[in-house]
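What follows is a short report on a single structure.
The values are calculated or read from the model by the stated rules, or taken from the named source; none is laboratory data. Only a predicted model underlies this, so the values are computations on that prediction, with no experimental measurement involved. As a convention, Cβ positions derive from the backbone with ideal geometry for all residues, glycine included, and neighbour counts pool all protein chains shown. All accessible areas refer to the heavy atoms of the entire protein, side chains included, with ligands and DNA or RNA removed. Shrake-Rupley method; radii C 1.70, N 1.55, O 1.52, S 1.80 Å.
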Amino acid sequence: MHRLRAGLEAFTGGAWSRPEAVLRRLWDQRPDLPVLLTNCRLVHARTGRFLACPDGWMPTMGAALQVHSRQYHQGIDDRGGDRWAATVEKDSVLVAVGARVLGVTPWTLHTRPQSFLARVDELIALGPASPMPDVRVLERPG
């Protein structure tokens, strides 16, 4: 019952997968970390163009966290494109508007969480992106 409750809490908190739920749990165990929005929709602030829906977004840092899973993103999409390549290359959309992006694999989250958190600490030590990226967070419907 505890696992079911934890899974439902992670989902209602924005996690769409088990690795994202692990990310959320790790984050929430560290109250010193900045606010993390999970799976929020980011648009270009001036044009309104959709940019990305990162697994995690730190609005005060102008930084995204992306959980990259080969298993989930492997194969060919409906248009004949490589899903893994598209997943990795999507990070550049955020970088192009000035955001920082920190990638992590499910394996690291599960087996070496302290390694991931050390990279988060290094990113935070850099301070907020400067200038801050030109993005706006869309509110979730409902």
- Let me know the shape class of the range 80-127, please: from the alpha-carbon gyration tensor, a ≥ b ≥ c as square roots of the eigenvalues, rounded when a/c is under 1.5, otherwise prolate if a/b is greater than b/c, or oblate. oblate
- Item | Hz values of 3J(HN,Hα) by residue in the range 86-91 - Karplus curve (6.51, -1.76, 1.60), Gly and Pro given as x | 5, 4, 5, 6, 4, 4
- Yeah, the range 24-142 with a ≥ b ≥ c from its alpha-carbon gyration tensor (a/c under 1.5 is rounded, else prolate when a/b outruns b/c, oblate otherwise) is oblate
- Simple label model, 7 Å out from Cα along Cβ direction - L138 to V35, nm: 2.0 nm
- Query: Ignoring ligands, DNA and RNA, what accessible area per residue does the range 25-103 give at 1.4 Å, in Å²?
  - Reply: 56 Å²
